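Quick note: the coordinates plus some simple rules give every number you see, no bench work behind them. Predicted, not measured: the structure shown is a model, and the values here were computed from it. Don't worry about glycine lacking a Cβ; one is built from the backbone with ideal geometry, like all the others, and counts go over all protein chains shown.
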Amino acid sequence: MAEAPKDDETTEVTRGSTLRDTAEVAAESVSGVATAGEAAAESKPDAATTIAAAERLAANQDSYLRRKQLWMFDVLDDDGDGAVTPIDTMQFAHRLARLTGHTEDSPRAQQLEATVNRIWHALVVKPAWVPDPERLDREQFVTVMANSVAETPDKTLQYIGVVTNLAFAMADEDNDGRVTRDDGLRLVTEVLRVEREHAEHAWSVMDSDENGYLGYPESLMAVTDFIISIDPQAPGNLALGRI
């Protein structure tokens, strides 16, 4: 993806440094839980014990994180059947590809699809936090999200960066390192299904300098805020639908 335009007067923030900064924030917020999780992992509990512990962690997490996780569930439940499956996540990837002008068999779309599959395996199948790794109901989805943030923050941040990078590259059609207002609003309303009023509010929050476009660092910070931050005033939390 192209570097930020040379005439941008703001200090350039590389993707790597942005992700490191957000990783530090996440580590501070979940260090205690993550440490407990590492200790528990060493004893290798059976499946029932693992699931019960994961459910307890989810039940005790911050209520604001839970609201955002349920919002994500509704976005991903593509057919509205009350469950999120690998097929639903593929439909989400295909929706993003179509909106940004990429066919499902294009290299970009296939890369996104492969990444989504890897994320599902890494955050749903491998940890064994839920009884059925191929179908998550609302509470099971919350359990996976809560535990991925608390127990595997580095991996979660890594995948946030990868998916945001791919989505941004697909939306940045002319490869100039910018996403325009029109394209940004289409992404939020048609892929994330945010109401137009809220999408316009999201843009006003993110484009604080009113230059008419967003760069990659701004986008990454917003997505990261939304996944891990418990501060309702964080830019990413103000942006996506005023949840």
task = Could you calculate the contour length gain from R186 to E210, that is, 0.36 nm times the residue separation minus the distance between their Cα atoms, to one decimal place in nm?
result = 6.8 nm
note = To the nearest 20 debye, region 189-241 has a Cα-centred charge dipole, built from +1 on Lys and Arg Cβ and -1 on Asp and Glu Cβ, of 200 debye
message = Give me a comma-separated list of calculated 3J(HN,Hα) values for region 70-75, in order, Karplus coefficients 6.51, -1.76, 1.60 applied at θ = phi - 60°, integers in Hz, x for any Gly or Pro.
response = 5, 4, 4, 4, 4, 5
ask   = Got a sec to turn the phi values of region 185-202 into Karplus ³J(HN,Hα) couplings, 6.51 cos²θ - 1.76 cosθ + 1.60 with θ = phi - 60°, whole Hz, x for Gly and Pro?
value = 5, 5, 4, 5, 7, 8, 8, 8, 6, 7, 4, 4, 4, 6, 5, 5, 4, 4
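Going through region 188-243, which GluC sites (Glu not before Pro) have at most 12 other Cβ atoms within 10 Å and a DSSP loop state? List each step's numbers first, then the result.
Values: sites: E190, E195, E197, E200, E210, E218; in loops: E195, E210.
Filter output for region 188-243: E195, E210.
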note = Phi angles of region 151-165, converted by Karplus (6.51 cos²θ - 1.76 cosθ + 1.60, θ = phi - 60°) into ³J(HN,Hα) in whole Hz with x for Gly and Pro, give 8, 10, x, 4, 5, 4, 5, 4, 5, 4, x, 5, 5, 4, 4
